[in-house]
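First up is the structure itself, then whatever we jot down about it.
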Amino acid sequence: LTPHLYELPEVRITPDVKKKLHINRLRKSKISHYFRCDTLPWIYARYFEYKREYNSTPYLKSIRVLCQNRIKSAKFNVILYKNENGAPGEYLNHQNIIIEAPKGDHFLEIDFSKKNIQFPKEGFFVAIEWLAIPENKHVEVLRVKETREKVKQTTHQPLFGLQFTDSSQNDWYYIQGKWRKIWKDKGDNDIYKVLAIELILGN
């Protein structure tokens, strides 16, 4: 018997290539000012618009923020909001993400890789909520420059790095039960102060 010969089709194995895209990459040397929380708790929400270049890395992998913390450990909340008519709307992620910041100046990277969150076509908001709780309280004594008088200042840790921009931003803050849009600071070189947040996207 003559054996039959079969020609097998060519099979190519393509490696699973993992891509990453950094949006608003942060560098510590470029950040010298910080947002803080005094006695009233508040939320800052930074808007990120969708761009076609994100199609190959559509998933939110992590978020980076720069914290300055003066106590042993401080807690804060990270919230994702849907964009509803240009303002923060419903939660994009329905779980509170409580993060602990260690003492000192640190970049903190918050992992979202297991939450399967795709970048919405209408964009979304990343928000930081300061928690005015006793364990976050920090009291320090300052001296007034003009009078040399000593005064006590109470803050709730941590502080978060901010960036300066002269372009209009669709950013909001929430305080005393109401969302308010950020404004241009006329007394400080006529600029906007926005929360320094970096997004890392992946496929």
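The values are calculated or read from the model by the stated rules, or taken from the named source; none is laboratory data. Everything numeric here is computed off the predicted structure, so don't read it as measured data. Note that each Cβ is placed from the backbone with ideal geometry, even for glycine, and that neighbours are counted across all protein chains shown. Accessible surface is based on the protein model in full, side chains and every heavy atom, while ligands, DNA and RNA are left aside. Shrake-Rupley method; radii C 1.70, N 1.55, O 1.52, S 1.80 Å.
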Modelling each spin label as a point 7 Å along the Cα-to-Cβ direction, I'd like the LEU142/LYS75 distance in nm, to one decimal. 2.7 nm
Between SER32 and GLU100, what is the FRET efficiency for a Förster distance of 35 Å, r being their Cβ-Cβ separation, to the nearest 0.05? 0.90
Fully extended, how many nm does the chain gain between GLU109 and ASN203 (0.36 nm per residue separation, minus their Cα-Cα distance)? 32.0 nm
In whole Å, how far is the Cα centre of the stretch 150-203 from that of the stretch 97-117? 19 Å
Kindly write out, for the stretch 48-64 in residue order, the coupling ³J(HN,Hα) from the Karplus curve 6.51 cos²θ - 1.76 cosθ + 1.60 (θ = phi - 60°), rounded to whole Hz, with x marking Gly and Pro. 10, 7, 7, 10, 4, 5, 7, 4, 7, 9, x, 9, 6, 8, 6, 10, 10
Kindly write out, for the stretch 107-124 in residue order, the coupling ³J(HN,Hα) from the Karplus curve 6.51 cos²θ - 1.76 cosθ + 1.60 (θ = phi - 60°), rounded to whole Hz, with x marking Gly and Pro. 7, 10, 10, 9, 7, 10, 5, 9, 9, 6, 9, 8, 5, x, 4, 8, x, 7
For Cα extents along the principal axes in Å, one of [x] 60, 35, 34; [y] 47, 41, 33; [z] 109, 38, 32 was computed from the structure I shared and the rest are decoys. Which label? [z]
If R0 is 25 Å, what FRET efficiency do you get for SER167 and THR39 from their C-beta distance, rounded to 0.05? 0.20
Near the amide H of CYS37, under 5 Å away, which other amide H atoms are found, from residues 5 or more places off or on another chain, if H is placed in the peptide plane? HIS156
Could you identify which residue out of ASP105, ASP190, ASP171 has the top mean-square fluctuation in a GNM of the chain using Cα springs shorter than 10 Å? ASP190
Rounded to the nearest whole Å², what accessible area per residue is found for the chain with the 1.4 Å probe? 64 Å²
Percent of accessible area on the chain owned by carbon and sulfur, 1.4 Å probe? 48 percent
Given a cut-off of under 8 Å on Cα pairs at least six residues apart, what relative contact order in percent is computed for the stretch 58-203? 32 percent
